[in-house]
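Remarks on the structure that follows.
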There are 2 protein chains.
Amino acid sequence: MIIKILFLIIFPAYANVISKDRVETQSDCALTESLKEEIQKYQPVVDRIAHEILNGKFKGETYNSLLDFTDKFGARMVGSTNLENAIDFMLEEFKKQGLENVHGEKAEVTHWIRGVERASVLSPYEGNLPILGLGTSVGTPKKGLKAGVVVVESFDELKALPDSEVDGKIVVFVPKWESYGKTVIYRARGAVEAAKKGAVASLIRSITPFSIGSLHTGMQVYDDDVPKIPTASITVEDASRLLRLYRKNETITIKIRMDDYDAGKTTSRNTIGELVGSVYKNTSVVVVSGHLDSWDVGVGAMDDGGGSWISWKAVQYLKAMDLRPKRTIRAILWTGEEFGLLGAKAYETAHKSHEQEEFNFFIESDAGTFEPRGLDFTGNKEAECIFKEVLKLMTPINATEFDSPADGGPDVSWWMKRGFPGASLLNKGEKYFWYHHSAGDSMLVEDTVDLDRGTALFAAAAYVIADLSVDIPKTVTNLGN
Amino acid sequence: MIIKILFLIIFPAYANVISKDRVETQSDCALTESLKEEIQKYQPVVDRIAHEILNGKFKGETYNSLLDFTDKFGARMVGSTNLENAIDFMLEEFKKQGLENVHGEKAEVTHWIRGVERASVLSPYEGNLPILGLGTSVGTPKKGLKAGVVVVESFDELKALPDSEVDGKIVVFVPKWESYGKTVIYRARGAVEAAKKGAVASLIRSITPFSIGSLHTGMQVYDDDVPKIPTASITVEDASRLLRLYRKNETITIKIRMDDYDAGKTTSRNTIGELVGSVYKNTSVVVVSGHLDSWDVGVGAMDDGGGSWISWKAVQYLKAMDLRPKRTIRAILWTGEEFGLLGAKAYETAHKSHEQEEFNFFIESDAGTFEPRGLDFTGNKEAECIFKEVLKLMTPINATEFDSPADGGPDVSWWMKRGFPGASLLNKGEKYFWYHHSAGDSMLVEDTVDLDRGTALFAAAAYVIADLSVDIPKTVTNLGN
C-alpha cells in the first residue's frame, strides 16, 4: 500500500482528513426499526455466502487462483510489459469467470527502470553493501560515485549539521522504527532533505520492524527545485552498524553505482468487471477493489495480490451463486498504485463529472489479507450506523470488528476523503511490514483459509450494501485534487 | 555450526556415536556423600560469579565487547586477511584483558573465494534469481552457463529419473524443511548427487525454516570421483515457485554465472589464552571455546561470535575476580570451523600424543546464545553424575536444565566422540536457523542479558569443574581420525 504520509506529501490538502486518529466511535445509532429489520433479514444470504466460500464449492479457490497467477506473472511493476500482459490475462480471466462489462480503462503512468544497483563500504571496513533503489530514484554517473558518509537518525539531526559537513557526502538515514506511517517519511523525503544540504546521494534503513538481511523498496518523491540525487534502501543490519561506526567517529566512505532512470510516461489500465445490478446499473455502484501492480521484488502476492483476489473473486462467486443485487458491484484492479495511486487518480478524473450519481460505496483491501477481524470504515454518522448493522451479519465469518477510519484502501481514499463512504479489510496484519516491498512478498505469506474468509467478508458486505433499499448516505465535499 | 550430517559425511567412523538419539538419562547417580558435599560448597562462589556478571561490574560487557568487535571486523571467512587481522586483534585483546599464555596455534585451512554470483530465470518467466554460492563450490565458465532445469524434492526422486532427463541440466533441490540436521544433506551433497546424473550445476532451497527472501550459504562437499559442478542456494520463495512451475510441466531455463574458486591452502590460527591453574598447569585442562571464523555474509555475531564471547569472557571475568581454580581453564577460539572444523582438527593432531593427560573437560557454544536453559552433556555415567550435581549450582543463573548428548560444540566433538567428557550451551535457539549463514547473522540477533547469562553459566561451570578435587572421569577410545 502507498502510505498516508506519502499521500500527504503529494496532496497536503487532505491532511486534515487522513491524519485524524483512529478511534472507536460511540454506539449512538438511531436506525429506523424497519431498516434494522431489513438488514437483519440478510442473515440467511450471508450464511449462504459464508458457507459456499468457506466450506462449499469455492473453498480454496481464491488461494489457488492467486497462486497460479503469481507463479505465472511474478512481479508486476507499473510501466513493465509484464504488468500489461497480466492485465490482458486478467481481462480474459474476468470474462471467463462470468464478470460483466469487462474492460480496461486507461491511465497514464510512470515508467521507471531499475538498472544495476551496487554499493560497497570502502572504509572503515571493506565490504559489499546490498542496496535496493527507491522508486523514481535517478541513477549515479555510470562509473558510480564515491563519497564520505554522514549518518543521522532524524531530519532534525541532519538540519542541525552545518551544510559544509554534508556537502558532497552520502547521507545515511537510520531512523528508529516507530510505525510505518511515522518512519516512512525518511524513505519518501530522505533524498530531498539530503540534497538540500548538498548531499550527492542518500541511503535509508529499510522501512521494516524486522529483518533477515532484507531490503525493502518503495516510492520516494523529489521536489522540482531541489537537485535530484540517487537514493536506495540498505538492510537494518548494515544501517545499525554504519550508525554505530559513525557515532564512534570512524570515517566512512561508500561507493554507489545505480543505473536507474525515468523512462517517461506510458499507458496502463485499470482492470474492470461487474456484476450488473438488477435495478440500478450505472448509478449507485459499489466498488470492490485492490491493485494489480506490484514492486519488482517479490511477486506481489501480499501487496496487493491478496487484496485484489478477495475483491474480484467476491464478485465472481456472487455471480456464480446467482446472487445479483439491486446495485452494480464493480470489481476494479487498480494500476500504478505503487507509484502514487496513478490508476485511481486517472479513474477519478474520468468519472468525476458524474461521480455523485455513479458511486454508492468504495471497498478496498491493501493492508494484507491475513486473518480477517472485520472491516474498518469511513463515512458520516448515518452511514456508519447502517454499516455497523451490516457488520453484525458477519458472525459466520467471525469477522465483525469495526474500526474507523478505513485505512487499508489507498486507491479509494480519493473518494472517502471527500465524503463518499467506504471500507477496507481489518486483518491481523502485525507482520505485514516484515514482507512489504521486499523479496519476501510471496505466496508463503498467504493462507488459503484467511483468503477464503476475506473473500467471504467482501462478498457478503458488498452484496448487502448493494442490495439494500437505501443508498449508504454520503456528504461529499469538493476538495480539489 | 557445522552440522552433524556433514560431519558424518566427512568422517563416517563417528556415525554411531553422534547419531544416537538425545535422551534424558536416568537419575540413578551414586556420588559419594563427600563429593556431593564438596560440590554443594561451591554455591557461594557460583552466586558471586552470577552476581558480578549479571548485575555487577561485568554486566553488559560481553555484549558491548562483541558489538565493538563485529562492528570493526564484520564477516571473517577462513582464508581472508580480515580473519587473520581479527585473530591478531584477539591475541592482543586476550593479553589486554589479563589472559595468560596467550598465543596462536597454526592450522592449515581452505581458502575459497566467492566471486561474482548471478543467476536469472529465462523461461517460463524472465526474472532475476538471487543466488548465494555454497562454500567450496567451483565457478561456472566465465560467460556463465545456461541450461534446462529439473526440480526435485528428494534424492530418491532424482535417482528415479532416467539419466537422459538430467544430463546437461541444472538440478534444483527443493526438499521440505524437516530439521536442519535432516534437510542440510541437500546442501552438503546436492552437487555430487546431481553431477552423478550428468547435471551441469545444482541449486538448493536455502536451508532455513523461515524466509524474507533470504539466502543461506554453508559448506558442501565434492567427491573425488564425481565431476565438480557449481552449486548455490536460492530463496525459499523462488524455490517454491520453481517447484510448482516444474510440476505444471513448464519448461524452465536458468542462466548462472559464478566466479567462485578454490585458492588453495593457507594458514590460519586458533586463538588461545588461559587462566593457569594453581595446582595443575598443563594437565587436566578445561577447554572453553567457540569459533572465530564466520561466513562472509552477515557479521558472524550469532555464528559464532556469541559462543566465542561467552567462552573467553568467562575466563577474563574469573581472572578479574581473582578466582583461580586448581586446573587451567583454556579459552580457545577455533579457526576454520565453517569449512570443516579445520582448526579443531589441527589442534587435535598437534596435541594427540599427550591428550589424555592434557585434557579434563571440553566446553563449546556454537548453537546460538539465546536465552540459556542449562547445559547439555556428553560423557560416561560417572562423569554425568558429577556434572548433574554441578548443574544444580546454576539456580542463580536460572539455567539448570540437563540434556544429553552435547550437540552445540562441533569443534570439541572430536574429543567427546572419543570419550572425553564435555558440555555445550543449551539455549532457546528455536529461531537459530532463521539467521544462520545469512546476512541476518548480526548483532540484532544478540541480547545483552542472554549473553551475560551465558557467560555466567560458562564461567561458573568451568570454574567448578576446574577446581574440584577429582577429575571428571573419561573413557577414551582411540577411534581413528
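Residue count for the stretch B:352-366, restricted to those that are touching a residue at least 60 places away in the same chain (Cβ under 8 Å) and either outside the structural domain of B:GLY306 (by TED's automatic domain parsing) or among the polar types (S, T, N, Q) (or both): 3.
The set of residues from the stretch B:234-260 being facing another protein chain (nearest Cβ under 10 Å), open to solvent by 60 Å² or more (accessible area, probe 1.4 Å) and either touching a strand residue (DSSP E or B) at 6+ places or on another chain (Cβ under 7 Å) or closer than 23 Å to B:ALA439 by Cβ (or both) is empty.
For (1) hydroxyl-bearing (Ser, Thr, Tyr); (2) within 19 Å of A:GLY60 (Cα to Cα); (3) in a loop (DSSP other than H, G, I, E, B), each residue gets a yes or a no:
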position	(1), (2), (3)
A:PHE370	no, yes, yes
A:MET394	no, no, no
A:GLY429	no, no, yes
A:ALA439	no, no, yes
A:GLY454	no, yes, no
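The residue of the stretch B:331-359 that is nearest to B:TYR222 (Cα to Cα), among those that are among the hydroxyl-bearing types (Ser, Thr, Tyr) and surrounded by fewer than 17 Cβ atoms within 10 Å (Cβ to Cβ), is B:THR349.
In the set (1) open to solvent by 20 Å² or more (accessible area, probe 1.4 Å); (2) more than 24 Å from B:THR140 (Cα to Cα); (3) in contact with a Pro (Cβ under 7 Å, 6 or more places away or on another chain); (4) not in a loop (DSSP other than H, G, I, E, B), B:GLY181 fails one condition alone, (3). On inspection, B:VAL172 fails the criterion of being surrounded by 15 or more Cβ atoms within 10 Å (Cβ to Cβ), in contact with a Leu (Cβ under 6 Å, 6 or more places away or on another chain), at pLDDT 95 or above and within 14 Å of chain A (Cβ to nearest Cβ). If you check B:VAL299, B:VAL288, B:VAL315 for being assigned by TED's automatic domain parsing to the domain that holds B:LYS417, of a type in the set (Val, Ile, Thr), part of a helix (DSSP H, G or I) and buried (at least 24 other Cβ atoms within 10 Å of the Cβ), only one passes: B:VAL315. Restricting the stretch B:41-70 to residues that are outside any loop (DSSP other than H, G, I, E, B) and free of Cβ contacts under 8 Å to residues at least 12 places away in the same chain leaves a set whose member that is farthest from A:GLY127 (Cα to Cα) is B:PRO44. Residue-level analysis places B:ARG247 outside the set of residues that are of a type outside the set (Val, Ile, Thr), in contact with a Gly (Cβ under 6 Å, 6 or more places away or on another chain) and more than 17 Å from B:SER365 (Cα to Cα). If you check B:THR395, B:THR349, B:THR369 for being assigned by TED's automatic domain parsing to the domain that holds B:VAL276, among the β-branched types (Val, Ile, Thr) and touching a helix residue (DSSP H, G or I) at 6+ places or on another chain (Cβ under 7 Å), only one passes: B:THR369.
Results for (1) closer than 17 Å to B:GLU117 by Cα; (2) free of Cβ contacts under 8 Å to residues at least 12 places away in the same chain, shown as yes or no for each residue.
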position	(1), (2)
B:ALA194	no, no
B:THR208	no, no
B:HIS216	yes, no
B:MET219	yes, no
B:ASP225	no, yes
B:ALA232	yes, no
B:GLU237	no, no
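One residue stands out among those in the stretch A:207-228 that are open to solvent by 10 Å² or more (accessible area, probe 1.4 Å) and among the aliphatic types (A, V, I, L, M): the one that is nearest to the other protein chains (Cβ to nearest Cβ), which is A:LEU215.
Here B:ALA399, B:ALA423, B:ALA383 are screened, and the one residue that is under 19 Å from B:VAL286 (Cβ atoms), part of a loop (DSSP other than H, G, I, E, B) and open to solvent by less than 10 Å² (accessible area, probe 1.4 Å) is B:ALA399.
State yes or no: is B:SER311 among the hydroxyl-bearing types (Ser, Thr, Tyr) and within 14 Å of chain A (Cβ to nearest Cβ)? No.
The values are calculated or read from the model by the stated rules, or taken from the named source; none is laboratory data. Because the structure is predicted, anything quoted here is derived from the model rather than measured. Please note: Cβ atoms are built from the backbone with ideal geometry, for glycine as well, and neighbour counts cover all protein chains shown. The protein model used for the area step is the full one, side chains on, heavy atoms only, and it has no ligands, DNA or RNA in it. Shrake-Rupley method; radii C 1.70, N 1.55, O 1.52, S 1.80 Å.
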